[in-house]
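Here, each number is a calculation from the coordinates, and none is a lab measurement. Bear in mind that the values here come from a model prediction, so they are computed numbers and not experimental data. When we count neighbours, we look across all protein chains shown, and the Cβ atoms used for this are built from the backbone with ideal geometry, even at glycine.
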Amino acid sequence: MGRRGREQHEIPLAPIERIIHQEGGYRVSEEAALKLRSIVERMAREIARVSVQMAQHAQRRTVRAKDVEMALRIVLSKPQSLLEEGSA
């Protein structure tokens, strides 16, 4: 879907394009920015989901930095799943 499509995202496209530019990308296709945003959002949601599970397991309602760090390790141990459209 194009930039003006109805699909809602938590992360705007401009910061994604800016990050690619900051890392040396001279020109950025819309397709590349959309793909990176999709991956970043899925990864963030999966890390958040696992972080909440960590806090609940510790009988806490507050997600702490250590929960996020542990969730990141868990999520990164299976990186292929983040590239699949239907995951997370």
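Spacing of the modelled spin labels on Arg49 and Ala32, each 7 Å from Cα toward Cβ, amounts to 2.9 nm. Applying 1/(1 + (r/R0)^6) with r as the Cβ-Cβ distance of Glu7 and Val68 and R0 = 30 angstrom yields a FRET efficiency of 0.70.
Tell me the net charge near Val52. Cut-off is 15 Å between Cβ atoms, Val52 excluded, with +1 for each Lys or Arg and -1 for each Asp or Glu. Write down the numbers at each step before the final one.
Details: positive: Arg45, Arg49, Arg60, Arg61, Arg64, Lys66; negative: Glu46, Asp67, Glu69.
Counting the neighbours of Val52, the net charge comes to +3.
Summary of packing: across the peptides 21-32, 42-53, the per-residue average of other C-beta atoms within 10 Å ranks them, highest first, as 42-53, 21-32.
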